[in-house]
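Engineer: My questions all concern the structure below.
The values are calculated or read from the model by the stated rules, or taken from the named source; none is laboratory data. Treat the numbers as computed from the prediction; the structure is a model and nothing was measured. Glycine gets a Cβ as well: all are built from the backbone with ideal geometry, and neighbour counts include every protein chain shown. In case anyone asks, the SASA skips ligands and DNA or RNA and just uses the protein heavy atoms, side chains included. Shrake-Rupley method; radii C 1.70, N 1.55, O 1.52, S 1.80 Å.
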Amino acid sequence: MSKSCEIVSFGEMLIDFVPNVSGVSLAESAGFVKAPGGAPANVACAITKLGGSSAFIGKFGDDEFGHMLVDILKKNGVNSEGVSFDKDARTALAFVTLKKDGEREFMFYRNPSADMLLKESELNMGLIKQAKIFHYGSISLITEPCRSAHMAAMKAAREAGALLSYDPNVRLPLWPSAEACREGIKNIWTSADIIKVSLLHISLINLMIICLFVWSG
């Protein structure tokens, strides 16, 4: 039986490459430093640092970066029993910078990455059903089979009595279109008990609504 964890976090964990100097664009940077990233995984690690218990469910490439990230989860005290590896896909990569104007710039490498290929049959349902809170984002809703795995995990957590925690985490470049992003994020909006929204999320969602109104007009 899986070890019980208060909070189970589902979704992506990846390698962020950040410039070795601050305030530059990706094109201007002369070098990059690798760092662990992925909003759901960040939550899992933050919980253990605050004294709670957490688990992470996601898929990694069976490569150096994938095993490095799982080791980071373990070193942070995060239960990794829900982790799986894919021999045919790579761990996701992202290049990200904070420019002088305060805007973040992203460039993703997911064609597809292993996290996108997580199947419902690979879910550790024991972990999910024991969670008090099941936390997830929206990136795992973009493509199949991960979308179906995401929906099945939500359903299992809800039926087991867990609270559902949702971070919309808008990343427009990863979606086929702004409309697909808006619909995908809103599709599970009412299922959550807790929604984490920042001013950036609100601004982006409002922008998508305005764009859709203009296009439809």
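Engineer: Compute the longest continuous run of the chain that contains no exposed GluC sites (Glu not before Pro); treat a site as exposed when its DSSP state is not H, G, I, E or B and it has at most 15 other Cβ atoms within 10 Å.
Structural biologist: It works out to 104-217.
Engineer: So which chymotrypsin sites (Phe, Trp or Tyr not before Pro) in segment 77-157 pass both tests, a DSSP loop state and at most 12 other Cβ atoms within 10 Å of the Cβ?
Structural biologist: none
Engineer: Which distance in nm do the two modelled labels at R104 and D71 give, with both placed 7 Å along the Cα-to-Cβ direction?
Structural biologist: Taking the simple label geometry, R104 and D71 are separated by 2.6 nm.
Engineer: Would you calculate the separation in nanometres between label points at I194 and M125, each defined as 7 Å from the Cα along the Cα-to-beta-carbon direction?
Structural biologist: 2.6
Engineer: So for segment 1-102, what are the equivalent ellipsoid semi-axes in whole Å, largest first, each being the square root of 5 times an eigenvalue of the Cα gyration tensor?
Structural biologist: Over the Cα atoms of segment 1-102, the ellipsoid semi-axes are 28, 17, 10 Å.
Engineer: Also, quick follow-up: Once you've got the GNM for the chain with C-alpha springs shorter than 10 Å, pick whichever of T97, T48, T190 has the biggest mean-square fluctuation.
Structural biologist: T190
Engineer: While we're looking at this one, here's another question. In whole Hz, what ³J(HN,Hα) sequence does segment 180-191 give by Karplus (6.51, -1.76, 1.60; θ = phi - 60°), x for Gly and Pro?
Structural biologist: 4, 4, 4, 5, x, 5, 6, 4, 10, 4, 7, 7
Engineer: Counting other Cβ atoms within 10 Å, keep those with at most 16, restrict to DSSP loop, and tell me which trypsin sites (Lys or Arg not before Pro) in segment 88-155 are left.
Structural biologist: Here the trypsin sites (Lys or Arg not before Pro) that fit, given the DSSP loop and packing criteria, are K100, K119, K132.
Engineer: While we're on this one: What base-10 log of the normalised intensity I(q)/I(0) is obtained for the chain from the Debye formula, alpha carbons as equal point scatterers, at q = 0.10, 0.13 Å⁻¹?
Structural biologist: -0.44, -0.75
Engineer: Once a ≥ b ≥ c are taken as the square roots of the eigenvalues of the Cα gyration tensor of segment 96-166, is the result rounded (a/c under 1.5), prolate (a/b larger than b/c) or oblate (a/b not larger than b/c)?
Structural biologist: Since a/c reaches 1.5 but b/c is at least a/b, the shape of segment 96-166 is classed as oblate.
Engineer: Per the helix-only calculation at 222 nm, which mean residue ellipticity applies to the chain, given -39500 (n - 2.57) for every DSSP H run of n ≥ 4 and division by its residues, nearest 500 deg cm²/dmol?
Structural biologist: Helices in the chain give a 222 nm mean residue ellipticity of -10000 deg cm²/dmol.
Engineer: Karplus couplings for segment 154-163 from phi (6.51 cos²θ - 1.76 cosθ + 1.60, θ = phi - 60°), rounded to Hz, Gly and Pro as x?
Structural biologist: 4, 4, 5, 5, 4, 5, 8, x, 6, 7
Engineer: Now a separate question. Rounded to the nearest 20 debye, what is the charge dipole size of the chain about its Cα centre when +1 sits on each Lys and Arg Cβ and -1 on each Asp and Glu Cβ?
Structural biologist: Here the size comes out at about 400 debye.
Engineer: Also, quick follow-up: I need the semi-axes of the equivalent ellipsoid of segment 76-136: take the C-alpha gyration tensor, multiply each eigenvalue by 5, square-root it, list largest first in whole angstrom.
Structural biologist: Each semi-axis is the square root of five times an eigenvalue, giving 29, 18, 10 Å.
Engineer: For segment 22-35, just list the computed ³J(HN,Hα) in residue order, Karplus coefficients 6.51, -1.76 and 1.60, θ = phi - 60°, integers in Hz, with x standing in for Gly and Pro.
Structural biologist: 8, x, 10, 6, 4, 5, 7, 5, 8, x, 9, 10, 7, 8
Engineer: Specify the inter-centroid distance of segment 90-163 and segment 13-88, based on alpha-carbon positions, in whole Å.
Structural biologist: 13
Engineer: Continuing with the same structure: Taking amide H positions as placed in the peptide plane 1.01 Å from N, state which residues far from S9 in sequence (5 or more) or on other chains have amide H under 5 Å from it.
Structural biologist: Residues meeting the criterion, in which the H sits 1.01 Å from N, are A55, F56, I57, H135.
Engineer: For the chain, what does the relative contact order come out to in percent, with C-alpha contacts under 8 Å and a separation of six or more?
Structural biologist: Relative CO of the chain lands at 20 percent.
Engineer: Please list, ordered by chain and number, the residues whose modelled amide H lies under 5 Å from the amide H of F85; skip anything fewer than 5 residues away on the same chain.
Structural biologist: Amide H to amide H, under 5 Å and 5 or more residues apart or across chains, F85 pairs with F60.
Engineer: While we're here: What is the antiparallel percent of DSSP beta bridges lying wholly in segment 1-151, to the nearest 5?
Structural biologist: 40
Engineer: At a Förster radius of 35 Å, what calculated FRET efficiency corresponds to the Cβ-Cβ distance of E28 and E64, to the nearest 0.05?
Structural biologist: Efficiency computed from Cβ-Cβ geometry: 0.80.
Engineer: Counting other Cβ atoms within 10 Å, keep those with at most 16, restrict to DSSP loop, and tell me which trypsin sites (Lys or Arg not before Pro) in segment 1-85 are left.
Structural biologist: Those that pass, being in a loop and sparsely packed, are K3.
Engineer: Still on this structure: Let me cross-check M116: its accessible surface, 1.4 Å probe, with only protein heavy atoms counted, in Å² to the nearest 10?
Structural biologist: My reading of the accessible area for M116 is about 30 Å².
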